[in-house]
Amino acid sequence: MKEYLVQGASLPEAYHKALVVLERYGEYAPCADYGTSQKELSMTMYVSEPLREPMISKLFIGGARELEQYRQEILDGILDFEIERGNWAYTYHSRMAEQLPFIERELRRNPSSRRAVIDVRDWRHDTAEGNENPACLQHLQYFIRNGRLDCKVLFRSNDACKASFMNAFALIMLQKRLADRLGVEMGGYCHRANSFHCYERDFPLLGGYVRRIESGADSTYDYEGDWKEIMEEAQAEIAQAVEKLKNNG
């Protein structure tokens, strides 16, 4: 499988470059588990300034409410109760949360450590016979270099059009939370997907995204002073929806 690296100062800059590369150079491959085909390649997106504006891409499925809910799912585990009910085997938050105290402790002990790794993949569960939902996110590693917290993540599989932007945004928000706790500045964010793909049904979506990017049309929003406020306004609605889910369980 072909390997590609794109870089950008902001998340949308790197993400949009990755979409263009996938559209132009992605190889057609079967996807037998889902009865379809896909465009696919291996992609590394490097964002040198993860908090640089504009932080929000217009080119993803969903809006401010969906992005805020996903941020809360990753950082705060608002849907972890589904595990206790037996509806889900895990959430990303449930697998990461118990390891975050080690990350903070380790980086305080030794800021130059190379041991600050979170394993999201649980091989006992993810390789079990009949398991149809192995984790796509595999691991995260944090480094403090030159007083800045870098984050590097690995996905085994990443849906370019429908997941990768929200994944990256939420993980950058987690990186920011950890940096604040450690009292260091934000460093770079590196997002690696061994299979960066688009399913056949979404080829028109990918093509439309790329045409918009290449046309030079405005494809971003600022987060601070724009989407952040809208996302915060959605929090009450999200809380009500989550409470309704809990009560209907």
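Points worth noting:
- Single condition residue 54 does not satisfy, out of (1) of a type outside the set (Val, Ile, Thr); (2) assigned to a loop (DSSP other than H, G, I, E, B); (3) modelled with pLDDT under 95: (3)
- Of all residues in the range 1-33, those satisfying the criterion of being among the aromatic types (Phe, Trp, Tyr) and part of a strand (DSSP E or B) are 4, 28.
- Taking each residue of the range 193-217 that is part of a helix (DSSP H, G or I) and looking for partners that are among the β-branched types (Val, Ile, Thr) and surrounded by fewer than 11 Cβ atoms within 10 Å (Cβ to Cβ) with beta-carbon atoms closer than 6 Å, six or more apart or interchain, yields nothing.
- Residue 186 at pLDDT 95 or above and assigned to a helix (DSSP H, G or I): no
- Exactly one residue out of 9, 18 is surrounded by 21 or more Cβ atoms within 10 Å (Cβ to Cβ), hydrophobic (A, V, I, L, M, F, W, C) and in contact (Cβ under 8 Å) with a residue 12 or more places away in the chain, and it is 18.
The values are calculated or read from the model by the stated rules, or taken from the named source; none is laboratory data. Owing to the predicted nature of the structure, the values given are computational and were not obtained by experimental measurement. Note: ideal-geometry Cβ built from the backbone for every residue, glycine included; neighbour counts use all protein chains shown.
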